[in-house]
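Scroll down for the structure; my scribbles are underneath it.
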Amino acid sequence: MALGLFQQCGRWLFVVALVVVQTLFFIWFLWAAFNIRMYSVKDYGYIIHEFDPWFNFRATEYLAENGASKFFKWYDYKSWYPIGRPIGTTIYPGMQFTAVWLWQSLQWVPATTFDVPLPKSIYQWYKPFKLRMQKRGWIHLPPLPKSPEFGPMSLNDICVLIPAWFGSVASALCGLLTYEVSRSVNAALVATGIMAIIPGHLMRSMAGEFDNEAVAMSIICSTFWLWLRSVRTPSSWPVGLLAGLSYYYMVATWGGYIFVLNLIGVHALVLVGLGRFNSGVYKAYTIFYVLGTFLAMQVPVVGWTPLRSLEQMGPLGVFLGYQVLAVCDARRRSRNLSVWQFVRFRIAAFMALGVGLVVVVAVLMPMGYFGPLSSRIRALFVEHTKTGNPLVDSVAEHQPASDAAYQHYLHMPLQYCFMGSLVCLFNRNNACYFVALYGLVAMHFSGKMSRLVLICAPITSVMAGVWFGFAIDLLVETTLLLLGKEGPKMVTDGTKSTATTATEQSGGNKDAKGSKKSSKKAEDDGKSKRAKKNDSRSLADWPLEEYEEERRPGGIAQAKLMSKSFVLGLFPESAQQARRKCVQRYHDPIFRLALWLLLIFYLFFMSSFPQSVKGFLEYCDSNARSMSNAMVKFKAQGGRIIDDHWVGYKWIDKNTPEDARIMAWWDYGYQITGIARRTSLADGNTWNHEQIATLGKLLSSSQKKSHNALRHLADYVLVWTGGTQDDLSISTHFARIGNSVFPEHCGDQDPFCTQYGFHGNDRNQPTPMMKKSLVFNLYMHEKKAGVGVGADPKLFELVYKTKYDLMRLYRVLNVSQESKKWVADPKNRICDAPGSWYCVGQYPPALKKLISARRSFSQVEDFNKKGEKTAYTRMIEKNRHMKEL
């Protein structure tokens with residue numbers, strides 16, 4: 001009795017110590033997720049990064065100043081001049097609303113500072129301890145706060161910090177997702193730590209990267225976790241309501257919601273294929289889909305696309321199939337159908353559904369009801385990197401990911417995904433099948449588009465966490481068994497033997513109904529499996545799993561049980577007893593302790609695991625530092641900060657008229673409107689291919705030809721003239737994209753515009769077309785004296801160049817004030833209704849000839865619009881066909 005009391009006290013002390021350690025590690029991981037993303041703030045201050053985040057910040061400012069009603073009716077004439085752009089109805093505004101809500105909430109919080117009542121000796125001990133641990137690779141240990149402050153913050157600072165904050169949130173949610181897969185707190189903890197610092201997550205969530213993906217990664221993990229929680233057991237379906245709400249937040253935040261929706265739809269379909277459909281799964285998916293789709297349709301940029309877009313027809317089909325299955329089950333119960341009656345009725349019901357769908361599609365297809373696959377989605381399924389759209393093909397992040405990219409962004413955890421898969425193979429709950437699908441889909445899509453490597457970060461963290469959690473649980477469970485915890489008991493029947501713990505027997509991990517049935521079947525009836533294998537009643541001897549509600553007849557579930565019973569019946573009873581002994585031996589504490597010691601000996605004395613972990617931590621920290629460059633400011637060799645672009649945009653803001661129009665390549669539009677606060681001819685969005693192609697044509701045409709149009713559109717021309725990705729480096733895309741809309745630019749016989757470039761990639765040997773181009777001459781101005789290149793002084797005037805000549809600004813001479821006034825006059829805008837806010841600007845009459853020469857590129861995007869394909873598209877299709885042959 002004294003020994004039992006000692007073991008019980010030791011067990012409680014161990015559990016308390018374990019919880020304390022787990023809590024401290026959890027706090028460390030969340031702090032590390034935040035702190036590792038703050039290098040940019042430490043180096044450059046609270047500044048927005050790159051291109052797209054500047055648009056997001058500008059939209060957030062407008063929302064904060066004008067409110068939601070005006071935001072959704074905001075037609076912006078400072079971008080895409082002279083046409084303008086409806087902002088509120090063409091973006092996913094979830095991140096902007098999140099930032100404004102946080103900003104408004106903090107306005108109500110008074111500035112507060114309080115002292116932490118910790119003894120001075122703790123601070124004196126912790127500081128050298130932290131330094132020692134950092135030298136051993138334990139990076140980003142949290143500091144001990146002395147006088148923390150909190151209170152109101154500026155909108156700019158909130159937008160800068162949101163990626164770092166949500167980095168911690170995504171890490172915690174990834175841990176919850178891992179727990180749903182493994183039911184292991186230790187696995188969840190490890191996954192949280194990996195997700196906190198893995199470069200695949202860092203790549204879009206550094207402080208200042210105020211971009212949709214920074215918030216979307218948290219919502220992806222949240223939606224997946226809640227969906228899996230809703231299908232854990234038949235009684236878990238109410239969680240589907242929360243999954244639907246989380247999905248709505250996802251839709252409002254990022255266009256990648258299509259990935260989330262389709263993956264959940266595929267998982268719901270796979271559950272049917274595995275024989276795991278029941279009323280709980282039906283309710284969970286129905287609530288998720290109906291609520292999520294209804295709310296998604298309230299997002300202006302989405303509208304009716306869930307019911308029209310081909311990209312979202314799959315989940316809709318699964319939803320309709322679920323309704324048929326539910327009707328069939330209801331009829332089976334009400335009519336008490338036999339197995340074959342039920343099978344025949346279900347076949348007839350699905351045939352009726354199929355006929356109905358064919359009729360609906362046949363009616364709606366000629367009407368142009370169904371939307372097309374976008375170029376980005378199409379790029380995920382073609383065999384190569386070319387989509388038929390030269391604009392999409394020009395974006396580097398749309399190129400396929402290489403093996404080096406996976407190693408770079410996923411690093412060490414990627415090596416342990418296979419072991420995590422093996423653990424899931426022996427678990428096989430509904431969540432394990434989901435992560436298997438997640439891994440396959442993420443691997444395929446990221447292999448087509450390098451940008452999507454970021455969706456591999458959560459699944460890599462989950463699978464590595466599952467494996468390491470399994471190893472840690474082996475130690476924890478062994479220790480608890482040695483301290484007197486009741487071990488697993490064998491539940492044996494004529495067809496199946498399993499090891500269950502006391503918790504499982506009481507219903508802790510299994511559905512209560514299943515546990516009761518399992519205990520009832522625990523007594524062996526003494527008959528051999530061979531005698532029972534042809535007895536249909538033996539199917540009832542299998543205990544219900546946690547995901548099962550009943551024995552559903554006439555389906556895959558019954559076929560699986562019959563197959564299992566048949567296979568087990570092929571083995572003699574002695575083989576079954578040997579198997580049960582092996583299971584019992586595995587749960588023996590001495591055996592598990594020996595196994596764990598062997599594992600530890602291998603990891604720490606025979607393998608390079610400790611060095612790999614330290615190397616991974618240092619690698620992630622190094623990547624975080626390199627990803628912290630703000631683009632408009634960056635560190636050169638020696639640590640010197642180059643801020644040419646930042647200073648250049650600020651110069652434009654202070655030294656040009658407020659109504660100045662800046663012409664530049666479309667990449668820089670967000671920074672022109674966001675930092676310089678001037679009107680741009682295009683921004684970083686790809687919604688208007690024809691406008692971008694017009695810019696490409698003007699930049700790659702001769703100075704005189706370009707000036708004839710620019711004098712009616714712009715007051716200045718901005719050129720990036722330094723770095724590896726300056727305008728000259730990417731200028732071949734200008735001509736190619738321009739030719740897709742202006743076929744005479746390079747000619748249909750040269751869809752790739754090979755006549756526009758450099759001989760041997762040598763900038764000193766431009767082709768004739770390149771040498772005459774506007775961008776080449778503005779770039780080479782004052783760099784190639786006496787060689788016949790440079791800005792024509794009668795057409796363009798250099799008014800500013802930055803300290804290191806990374807950016808130049810040219811004034812367009814002889815600007816047409818008549819055209820400028822014509823565009824600014826509201827009477828010359830076309831409104832969709834009298835008094836409406838939606839009024840599209842028009843090109844000035846002087847450009848009628850240029851605009852009329854454009855060829856619509858929309859038929860490449862939309863098969864409902866008839867038209868001849870471009871030469872570029874035909875060439876891509878021809879190359880694809882040749883490759884297939």
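The values are calculated or read from the model by the stated rules, or taken from the named source; none is laboratory data. All figures in this text were calculated on a predicted structure; none of them were measured in a lab. Methodologically, a virtual Cβ is constructed for each residue, glycine included, from the backbone with ideal geometry; neighbour enumeration extends over all protein chains shown. Calculation scope for accessible area: heavy atoms of the full protein, side chains included, ligands and nucleic acids excluded. Shrake-Rupley method; radii C 1.70, N 1.55, O 1.52, S 1.80 Å.
Values for this structure:
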quantity: Calculated FRET efficiency for the pair Val20/Leu482, C-beta based, R₀ 25 Å, to 0.05; calculated: 0.80
quantity: Prolate/oblate/rounded label for segment 63-184 (Cα gyration tensor, a/c 1.5); calculated: prolate
quantity: Vicinal HN-Hα couplings computed from phi for segment 112-123 (Karplus, 6.51 cos²θ - 1.76 cosθ + 1.60; Hz; Gly/Pro x); calculated: 10, 10, 9, 8, 8, x, 10, x, 4, 5, 5, 4
quantity: Calculated P(r) over Cα pairs in 20 Å bins from 0, in percent (choose from [x] 11, 31, 29, 20, 8, 1, 0; [y] 12, 39, 33, 14, 2, 0; [z] 11, 21, 23, 22, 14, 6, 2, 0), label; calculated: [y]
quantity: Of all accessible heavy-atom area on the chain, the percent that carbon and sulfur account for (1.4 Å); calculated: 62
quantity: Long-range amide H partners of Met807 with built H, under 5 Å; calculated: Thr721, Thr802
quantity: Dmax and Rg, reported as Rg then Dmax, of segment 673-730 (C-alpha, Å); calculated: 12.3, 32
quantity: 1.4 Å probe accessible area per residue over segment 550-626, in Å²; calculated: 63
quantity: Built amide H within the under 5 Å cut-off of Thr679, gap 5+; calculated: Ala660, Ile662
quantity: In degrees, nearest ten, helix 94-107 long axis to first principal axis of the chain (Cα); calculated: 90
quantity: Distance (nanometres) between label positions extended 7 Å along Cα→Cβ at Asp805 and Lys120; calculated: 5.9
quantity: Theoretical FRET efficiency, 1/(1+(r/R0)^6), r = Cβ-Cβ of Phe566 and Ile590, R0 41 Å, to 0.05; calculated: 0.65
quantity: Extended-chain gain in nm, criterion 0.36 nm per residue less alpha-carbon gap, Ser702 and Ala824; calculated: 41.1 nm
quantity: Centre separation in Å (Cα based) which lies between segment 1-66 and segment 543-591; calculated: 42
quantity: Global form of segment 705-783, assessed from the alpha-carbon gyration tensor, a/c cut-off 1.5; calculated: oblate
quantity: Segment 756-845: chymotrypsin sites (Phe, Trp or Tyr not before Pro) in DSSP loop, at most 15 other beta carbons within 10 Å; calculated: Tyr804, Trp837, Tyr838
quantity: The chain: calculated mean residue ellipticity at 222 nm from DSSP helix runs of at least 4, using -39500 (n - 2.57); calculated: -18000 deg cm²/dmol
quantity: Residue-by-residue Karplus 3J(HN,Hα) for segment 156-167, coefficients 6.51, -1.76, 1.60, Hz, glycine and proline x; calculated: 4, 5, 5, 5, 5, 8, 3, x, 5, 4, 6, x
quantity: Accessible-area value, Arg811, 1.4 Å probe, nucleic acids and ligands omitted, Å²; calculated: 90
quantity: Amide H within-cut-off set for Asp76, under 5 Å, with H built and near neighbours excluded; calculated: Arg85, Ile87
quantity: Furthest towards positive pole of dipole, Ile590, Leu603, Tyr369, structure part the chain, Cβ charges; calculated: Ile590
quantity: With Cα atoms, 0 to 90° folded angle of helix 556-569 axis to the chain main axis; calculated: 50
quantity: Pairwise centroid distance, computed over Cα atoms, of segment 254-290 with segment 671-689, Å; calculated: 39
quantity: Cα-projected label distance for Lys146 with Ile556, points at 7 Å along beta-carbon direction, nm; calculated: 6.2
quantity: Greater than 19 Å apart at Cα, pairs in Lys42/Lys635; Lys704/Lys803; Lys697/Lys849; calculated: Lys704/Lys803
quantity: Efficiency of FRET between Met297 and Ala326 - r from beta-carbon atoms, R0 22 angstrom, step 0.05; calculated: 0.40
quantity: Residues of segment 26-163: accessible area per residue with a 1.4 Å probe, Å²; calculated: 48
quantity: Karplus 3J(HN,Hα) series, Hz, for segment 214-222 with 6.51 cos²θ - 1.76 cosθ + 1.60 (x for Gly, Pro); calculated: 4, 8, 5, 4, 5, 6, 4, 4, 5
quantity: Of Lys78/Lys448; Lys794/Lys848; Lys485/Lys581; Lys794/Lys820, those spanning more than 27 Å from alpha-carbon to alpha-carbon; calculated: Lys78/Lys448
quantity: Spacing of the two label points (7 Å from each Cα toward its C-beta) at Met351 and Leu5, in nm; calculated: 7.5
quantity: Within segment 588-689: Cβ-based charge dipole about Cα centre, in debye rounded to nearest 20 (Lys, Arg +1; Asp, Glu -1); calculated: 220
quantity: Additional length obtainable on full extension of the chain from Val363 to Tyr838, 0.36 nm per residue less Cα span; calculated: 167.8 nm
quantity: Rounded tilt (10° steps) of 313-335 against the dominant C-alpha axis of the chain; calculated: 30
quantity: Three-way shape call for segment 188-346 based on the alpha-carbon gyration tensor, with the a/c threshold at 1.5; calculated: prolate
quantity: Accessible solvent surface per residue of segment 647-776, calculated while the other protein chains remain in place, 1.4 angstrom probe, Å²; calculated: 33
quantity: Computed lengthening from Arg579 to Leu798, 0.36 nm per intervening residue step minus Cα-Cα distance; calculated: 70.5 nm
